[in-house]
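Asker: Sending over a structure as structure tokens; questions will come in a sec.
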Amino acid sequence: MEKKGILFVISAPSGAGKTTLIRRVLERFPKLSYSISHTTRQPRKGEINGKDYFFIDEPGFQLKVEQDQWIEWAKVHGNFYGTSKEFVTQKLMQGDSLVLDIDVQGAKQIMASKLSPVSIFIMPPSIEALRQRLENRGTDSCAVILQRMENAQWEMSQRSAYDHVVVNGDIDKATFELCTIFENEMRSL
Ligand code: 5GP
């Protein structure tokens, strides 16, 4: 595939503020598109099918694995998540740039592909801040928070595999750093 747009891959432990940061980047760069993932996870309160995620059942997800329809996929916190190969390749071929919000396992699959992504890892200022944010969010049970905290330790240990690491202590400062990365990369288009 001859790729024309830039593929940005962003990972972060749950609660690091990645969703807010991505939303701010998308507001700043109107030509940038967001890849809506598919997941077998249950929708959280307020989440909309086709906007936040495409919610899919497990047999449906596995069928797409067999049909090689994911550009990457992974099991995260007990649920499956995948990125549509068709959507990503179409966008990039059209010359559009894309942001993928995916976990470390998925990011590594994309990094190993020919898509030459620009990879960014968002770090929380501390583990304690991460726990606090997950608890304050109030969307997950204690067991889910514990699982996410365990996973966070492993994910953070993988950050050196990424091109850029942005620490989200202050949201405005982190937004500025992230936008600078996007601006520099998109200037070359
Ligand atoms: P959440 O359930 O909190 O929305 O997301 C949990 C984790 O799954 C996050 O780390 C998020 O980046 C990751 N994730 C979301 N979509 C995808 C995807 O399409 N592929 C992969 N590999 N991870 C994803």
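Asker: Given an 8 Å cut-off on Cα distances and at least 6 residues of separation, report the relative contact order of region 69-189 as a percent.
Answerer: Once divided by the residue count of region 69-189, the mean separation gives 22 percent.
Asker: If we count every other residue with Cβ under 15 angstrom of PRO30's Cβ, Lys/Arg +1 and Asp/Glu -1, where does the sum land?
Answerer: Local net charge: +2.
Asker: Taking amide H atoms as placed 1.01 Å from N in the peptide plane, list the residues 5 or more away in sequence, or in a different chain, whose amide H sits under 5 Å from that of ALA12.
Answerer: ILE122
Asker: Using packing as a proxy for protection, rank 19-31, 95-107, 112-124, 131-143 so that the peptide with the highest average count of other Cβ atoms within 10 Å comes first.
Answerer: 95-107, 112-124, 19-31, 131-143
Asker: Can you tell me the length gained on complete extension of the stretch SER160 to ASP57, counting 0.36 nm per residue apart and subtracting the Cα distance?
Answerer: Stretched out fully, the SER160 to ASP57 stretch lengthens by 33.7 nm.
Asker: Just need the Rg to Rh number for the chain, please, alpha carbons only, Kirkwood Rh. Working shown, then result.
Answerer: Working: Rg = 16.0 Å, Rh = 17.0 Å.
Over the Cα atoms of the chain, Rg/Rh equals 0.94.
Asker: Please list the non-local residues whose amide H lies under 5 Å from the amide H of TYR53, H modeled 1.01 Å from N, same-chain partners needing a gap of 5 or more.
Answerer: ILE48
Asker: Calculate how many DSSP beta bridges within the chain are antiparallel, expressed in % of all such bridges and rounded to the nearest 5.
Answerer: The answer is about 30 percent antiparallel.
Asker: Measure off, as a whole percent, the carbon and sulfur share of the 1.4 Å-probe accessible area of region 7-186, all protein chains present.
Answerer: 51 percent
Asker: State the answer as a single residue: which of LEU26, LEU115, GLN90 lies farthest towards the positive end of the charge dipole of the chain, with beta carbon charges of +1 for Lys and Arg and -1 for Asp and Glu, about the Cα centre.
Answerer: LEU26
Asker: Let me have the 222 nm mean residue ellipticity of the chain computed from DSSP H runs of 4+ only, each contributing -39500 (n - 2.57), with the sum over all residues rounded to the nearest 500. Please list the in-between numbers first.
Answerer: Working: 7 runs with 82 residues, N = 189.
Computed mean residue ellipticity for the chain: -13500 deg cm²/dmol.
Asker: Using the heavy atoms of the protein chains alone and a 1.4 angstrom probe, what is the accessible area of the chain per residue in square angstrom?
Answerer: 53 Å²
Asker: Continuing with the same structure: Quick check for me: using +1 on Lys/Arg Cβ and -1 on Asp/Glu Cβ, what's the dipole size of the chain about its Cα centre, in debye to the nearest 20? Don't skip to the answer; put the middle values down first.
Answerer: Values: 24 positive and 24 negative charges, 50 e Å.
Approximately 240 debye in magnitude.
Asker: Need one number: nm distance between label points at THR139 and LYS75, each 7 Å from Cα along Cα→Cβ, rounded to one decimal.
Answerer: 2.3 nm
Asker: List, in order, the whole-Hz ³J(HN,Hα) value for each residue of region 83-93 obtained from phi through the Karplus relation with A = 6.51, B = -1.76, C = 1.60 and θ = phi - 60°; use x for Gly and Pro.
Answerer: 10, 5, 5, 4, 4, 5, 5, 4, 4, 5, 5
Asker: Grab the other residues whose beta carbon is less than 9 angstrom from that of ARG44, score K and R as +1, D and E as -1, and report the net.
Answerer: Result for the neighbourhood of ARG44: -1.
The values are calculated or read from the model by the stated rules, or taken from the named source; none is laboratory data. These figures come from a predicted structure and were not determined experimentally. Here the Cβ is made from the backbone with ideal geometry for all residues, glycine too, and neighbour counts use every protein chain on show. Areas reflect the complete protein model, heavy atoms only, side chains present, ligands, DNA and RNA absent. Shrake-Rupley method; radii C 1.70, N 1.55, O 1.52, S 1.80 Å.
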